[in-house]
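*Asks:* One structure is given below, represented as structure tokens, and several questions about it will come after.
Each reported figure results from applying straightforward, stated rules to the coordinates on display, with no laboratory input. Bear in mind that the values here come from a model prediction, so they are computed numbers and not experimental data. Positions of Cβ are generated from backbone atoms using ideal geometry, with glycine treated the same way; all protein chains shown enter the neighbour counts.
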């Protein structure tokens, strides 16, 4: 009886082990490679799967997700400048070519890295450093096309290839920054010179216009003074019979003279120098003004 119980327990234990080793699960976006006695049998998809216990073996898994590999390659440009070019390769395994993706390549990343190195070192040496930054899309396109054509035979599809960084030598980068800085300083100096030129031109135009307006104002002022003097002379002659224009002018000059003295006397801070202002001095001043007006009139007549 005890022997029978032991046998039943052994059978049940073996059945549990068989069941446990017969079922396996595969994650989403992943496939499993099933071998039987070391030979490929089938590809198990995601979910719950069944295999023969002790006979079938899960050799490995292949991810169907998009993977990214960053390749950093050092090469030189056409103008003999060493640069580091970083290319990001996005790839995935083709579901219908899982066998090739698993068995034909020992390590896909190593092969992809080698092909990217080959493309970069065959393309970049034909381009100058200044043109390299502008033509990075062409390099990425060449990497994708040449790499995709090769990797399809091994069960991989190249989704995209991106040149994410171009890094020249530190000294070269510093020189480029200095050249760029000098160019910007030169442009700034030119702009500053143009601005100063415009300011000076505008200032000269404003000064010329100001002087023109000032001259016009003085001319209008003198014209108004002459008109006022003429009206004063006419009114004085009408009011006082026998008076001459010379008498009127002497009276006006004398009046303005005393008004000036009055304004000077009202100011406590003045640097004015007073000339002789006796009646005889006024006569001399009036004669000088009259003589100057006569000379001016003669000059104008001669010009006409």
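*Asks:* Can you tell me the alpha carbon radius of gyration of segment 67-168 divided by the globular rule-of-thumb value 2.2 N^0.38 Å?
*Replies:* For segment 67-168, the normalised Cα radius of gyration is 1.11.
*Asks:* Report the full-extension gain for the segment residue 36 to residue 106: residue separation times 0.36 nm, less the Cα-Cα distance, to one decimal in nm.
*Replies:* Value of the extension gain: 23.2 nm.
*Asks:* Also: Quick one: compute the contact order of segment 67-168, relative version, from alpha carbon pairs under 8 angstrom and 6+ residues apart, as a percent.
*Replies:* Once divided by the residue count of segment 67-168, the mean separation gives 42 percent.
*Asks:* Need the full-extension length gain, residue 75 to residue 99, defined as separation in residues times 0.36 nm minus the C-alpha distance. One decimal, nm.
*Replies:* 5.1 nm
*Asks:* How would segment 16-65 be classified by its alpha-carbon gyration tensor: rounded, prolate or oblate, with rounded meaning a/c under 1.5 and the a/b versus b/c comparison settling the rest?
*Replies:* oblate
*Asks:* Relative contact order of segment 2-63, please, whole-number percent, based on alpha carbon pairs below 8 angstrom and at least 6 residues apart.
*Replies:* 34
*Asks:* While we're looking at this one, here's another question. To the nearest 0.05, what FRET efficiency results for residue 126 and residue 191 with a Förster distance of 41 Å applied to their C-beta separation?
*Replies:* Rounded to the nearest 0.05, the efficiency is 0.60.
*Asks:* Another question about this same structure. Let's test the formula: R0 of 30 Å, r as the Cβ-Cβ distance of residue 164 and residue 27. What FRET efficiency results, to the nearest 0.05?
*Replies:* 0.55
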